[in-house]
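Everything below concerns the one structure shown next.
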């Protein structure tokens with residue numbers, strides 16, 4: 001892994017106050033930037049699952065995993081490799097539109113399986129859920145229209161198949 005590649009880490013943590021702050025502080029203290037961080041309650045409300053995306057090399061990824069495993073409220077940590085995971089992001093994007101562009105814009109939205117969530121005479125807001133690189137391509141396709149605003153969730157990722165990469169204790 002080169003030093004500028006993105007990597008994803010999944011963590012299962014106790015679901016209570018202060019845990020997110022300690023995890024973010026761990027990265028901050030070491031000068032690691034978090035590209036995206038998604039946190040949500042799991043099927044067991046006692047635990048939350050974190051999906052953390054960072055940019056860095058193999059050393060940084062290893063350090064992040066080792067340091068996360070040392071935190072008290074962290075139950076389990078696992079690097080999530082591209083080939084063994086399903087990863088998606090959610091995007092809301094607002095773009096300018098005029099009457100001449102509506103047809104081509106609708107074609108692009110349909111091509112990317114987007115959904116129109118709001119519209120007016122000179123704008124349209126679209127929602128899309130897709131893998132991160134697909135989201136990037138959609139954004140690039142919309143640039144010529146004039147992007148007014150974006151809101152991107154960050155990655156959600158889990159392992160392929162029936163196994164649970166991040167298993168909570170019984």
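Throughout, read-outs are computed from the coordinates displayed, never taken from laboratory work. Bear in mind that the values here come from a model prediction, so they are computed numbers and not experimental data. Cβ sites come from the backbone with ideal geometry, for glycine too, and all protein chains shown count toward neighbours.
Could you tell me the center-to-center distance, by alpha carbons, between region 134-156 and region 76-98 in angstrom?
Computed from Cα coordinates, the inter-centre distance equals 11 Å.
In Å and whole numbers, how far do the C-alpha atoms of region 39-110 stretch along each principal axis, longest first?
So the three principal-axis extents are 57, 34, 22 Å.
When a footprinting reagent is the concern and you count Cβ atoms within 10 Å, what order do 102, 29, 94 take, fewest first?
29, 102, 94
Using all C-alpha to C-alpha distances in region 6-80, build P(r) with 5 Å bins and read off the rounded percent in each one.
Percent of pairs per bin, in order: 3, 17, 32, 28, 14, 5, 1.
Just how many % of Cα pairs in the chain lie over 20 Å apart, if you round to the nearest whole percent? Intermediate values should be presented prior to the final figure.
On the way: 8251 of 14365 pairs.
Across the chain, Cα pairs with separations above 20 Å total 57 percent.
Working from the alpha-carbon coordinates of region 86-156, get Rg over Rh, Rh being the Kirkwood radius.
Rg/Rh for region 86-156 comes to 0.95.
So for the pair residue 43, residue 110, with labels modelled 7 Å out along Cα→Cβ, what separation do we get in nm?
The answer from the label model is 3.8 nm.
Which angle between 0 and 90 degrees, to the nearest 10, do you get for helix 19-29 versus the longest principal axis of the chain when only C-alpha atoms count?
90
So how tilted is helix 58-70 from the main axis of the chain? Cα-based, degrees 0 to 90, rounded to 10.
So the helix axis and the longest Cα principal axis differ by about 60 degrees.
Full-extension gain between residue 90 and residue 59, please, as 0.36 nm times their residue separation minus the C-alpha to C-alpha distance.
Result: 8.2 nm gained on full extension.
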